[in-house]
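Okay, structure first, notes after.
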Amino acid sequence: MKKTTSHLSLNGHLAEQKKHSEKVFSGELLQVFKDEVILPNASIGRREWIQHPGACAVVPVFSNGDCVLIQQFRYPAQQLFWEVPAGKIDPDEDPLSTACRELEEETGYCAEEWFYIGHFYPAIGYADEIIHIYLAQGLIQGEQNMDQDEFLRMYRVPFDEAISMIHNGEINDAKTIASIIRAHDFLNRKKSNNELVILPYKAISETNCPNREQG
């Protein structure tokens, strides 16, 4: 790709530096800021952005290749969405613990094997939210323990069908698309090598949920 320099400083530095920050809203989940920043060409710009605690998404996969999807209503978009289990990271909670907790709360399942298959930023233009993606295998059925304000339906779906649902537009939630595609790639690499594959992004395997007592 040809690099142009019309909008770059002489050293090619693209970072913006914070000059002033004002919190304009503080909610239970989100904090909203209005900042003044120094742009690469030394002029002043303004950025409105949302601070988010981060989240985890889980792709639960059975031994036969089926995966677990949930369906729930999302108020801002005013419609039902197909999703993978997911949720925000609570204070003093590490991402793997969040993934285990959300999987068990939303589906009732716990998993014997956990693989970290990457992360992504869903809204880089206006939020700092990061979503960590986990693949969960060795699923063990338990009981759902949803939050009081959480209502959803759970479905067991063949993985190839989930991929088709992405391509035909049935699944249009960004985190679910990213998570299923990455899990699909990871599983294919793992299967072809018949062993855990260390991908360009970090891959880990954990046995059992760290926040679940062993029987």
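The values are calculated or read from the model by the stated rules, or taken from the named source; none is laboratory data. Note that the structure is a prediction, hence the values are computed from the model and not measured. For neighbour counting, all protein chains shown are included, and Cβ atoms are generated from backbone atoms with ideal geometry for every residue, glycine included.
Points worth noting:
- Counted residues, the range 75-119 - those being under 26 Å from PRO158 (Cβ atoms) and either assigned to a loop (DSSP other than H, G, I, E, B) or of a type in the set (Val, Ile, Thr) (or both): 5
Okay, residues lined up against (1) of a type outside the set (Lys, Arg); (2) surrounded by 18 or more Cβ atoms within 10 Å (Cβ to Cβ); (3) modelled with pLDDT of 95 or more; (4) touching a strand residue (DSSP E or B) at 6+ places or on another chain (Cβ under 6 Å):
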site: TYR109; (1), (2), (3), (4): yes, yes, yes, yes
site: LEU135; (1), (2), (3), (4): yes, yes, yes, yes
site: GLN144; (1), (2), (3), (4): yes, no, no, no
site: HIS167; (1), (2), (3), (4): yes, no, yes, no
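- The set of residues in the range 61-107 that are without any contact (Cβ under 8 Å) to a residue 40 or more places away in the chain and touching an Asp or Glu at 6+ places or on another chain (Cβ under 7 Å) comprises PRO85, GLY87.
- Condition met for PHE159 (surrounded by fewer than 13 Cβ atoms within 10 Å (Cβ to Cβ) and touching a strand residue (DSSP E or B) at 6+ places or on another chain (Cβ under 8 Å)): no
Per-residue answers, yes or no, for (1) over 13 Å from VAL59 (Cα atoms); (2) touching a residue at least 60 places away in the same chain (Cβ under 8 Å):
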| residue | (1), (2) |
| --- | --- |
| GLN148 | yes, no |
| GLU161 | yes, no |
| SER164 | yes, no |
| ASP173 | yes, yes |
| PHE186 | no, yes |
| SER192 | yes, no |
